[in-house]
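To start, the structure itself, in structure tokens.
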Amino acid sequence: MKFIPFLFSLFLFTNLYSSEVTLFLRSDLSDKSEASMKQYVSIVNELLEENNIKANPITYSKDSLKFQSSSLRANLKQLERIFTPNSSGSPIQLGIHARHPECDSLTQAILAGTQDAPTGYKLVQMQNKSSSTKYLLISEPHLTEKDIINAFPDRSTNAQVYITLTNDGAEKMKKFTRSLTSGSSFIVTTFNGKAVNNAILNAEVLSKNFVISGLDDRTECEQLASKLLSASAPTHFISKVTVSSQ
């Protein structure tokens with residue numbers, strides 16, 4: 001597998017009567033096409049239905065989505081959980097880590113009990129693999145779910161996933177990959193404490209848009225893209241929410 005380049009604060013006021021909710025789109029959101037806007041509307045509708053909030057049809061512009069609701073009685077934490085679940089200290093679910101350059105030999109020594117993990121590193125098991133398939137990673141991730149805007153599988157090849165980062169995430173990725181060596185350094189993606197992807201860096205520097213290639217099949221592509229998006233939150237496109245009385 002290879003990494004290759006590819007070119008809100010939250011303000012809430014609840015009211016027992018009719019309220020207008022505005023969901024502001026992220027300023028660095030690159031995809032605001034008609035098809036994507038309809039997809040965003042669909043995601044919000046599903047969340048409203050899941051949380052038993054009745055609302056009139058959602059309207060949208062290039063900067064926001066809006067709807068009115070007479071059943072909006074949720075408190076601050078509930079609304080935050082629905083629309084911006086990663087905005088207030090939610091546990092990090094996803095991480096992009098550097099693999100130790102001597103990962104294989106050190107991992108064997110650590111598992112054999114002849115050596116402790118180096119300071120600042122940890123062993124992480126590969127998901128859906130045997131218990132012996134583990135990687136020695138830098139403990140702190142270089143990027144997390146908060147740095148991801150979008151991820152989707154390439155269904156024409158079923159072998160790669162396209163990823164778009166936030167502007168801040170792009171700067172982190174540049175700094176991160178400049179510290180690595182193209183063709184020999186590995187980047188590991190973790191989800192809920194387990195490794196879900198192990199890919200070799202195949203570029204000097206990665207930035208805002210890149211591809212993880214070399215995946216086995218369509219299922220693996222879709223699962224990886226799904227994990228990347230679910231970690232960044234289904235409403236990853238929202239930066240800020242306001243609720244006002246009508």
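The values are calculated or read from the model by the stated rules, or taken from the named source; none is laboratory data. Everything numeric in this text was worked out from a predicted model, so none of it was measured. Positions of Cβ are backbone-derived with ideal geometry, glycine not excepted, and every protein chain shown enters the neighbour counts.
Tabulated data for the structure shown
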{"read-out": "Odd one out for GLU20 among (1) under 27 Å from ASN150 (Cα atoms); (2) modelled with pLDDT of 80 or more", "value": "(1)"}
{"read-out": "Tally of residues being out of contact with any helix residue (DSSP H, G or I) (no Cβ under 9 Å at 6 or more places or on another chain), within 18 Å of LEU206 (Cβ to Cβ) and hydrophobic (A, V, I, L, M, F, W, C) across region 116-160", "value": "1"}
{"read-out": "Residue match in region 135-152 (condition: within 20 Å of the chain's Cα centre (by Cα) and under 15 Å from GLU220 (Cα atoms))", "value": "yes"}
{"read-out": "THR219, sole failed condition from (1) in contact with a strand residue (DSSP E or B) (Cβ under 9 Å, 6 or more places away or on another chain); (2) under 27 Å from SER42 (Cα atoms); (3) not small (Gly, Ala, Ser)", "value": "(1)"}
{"read-out": "Residue match in region 175-186 (condition: more than 21 Å from PRO101 (Cβ to Cβ) and either crowded, with 20+ Cβ neighbours inside 10 Å or not assigned by TED's automatic domain parsing to the domain that holds ARG26 (or both))", "value": "no"}
{"read-out": "Filtered residues of region 214-246 (kept if at pLDDT 80 or above and surrounded by 20 or more Cβ atoms within 10 Å (Cβ to Cβ))", "value": "LEU215, CYS221, LEU224, ALA225, LYS227, LEU228, ILE238, VAL241"}
{"read-out": "Region 89-122, residues that are outside any loop (DSSP other than H, G, I, E, B), of a type in the set (A, V, I, L, M) and within 22 Å of the chain's Cα centre (by Cα)", "value": "LEU94, ILE96, ALA98"}
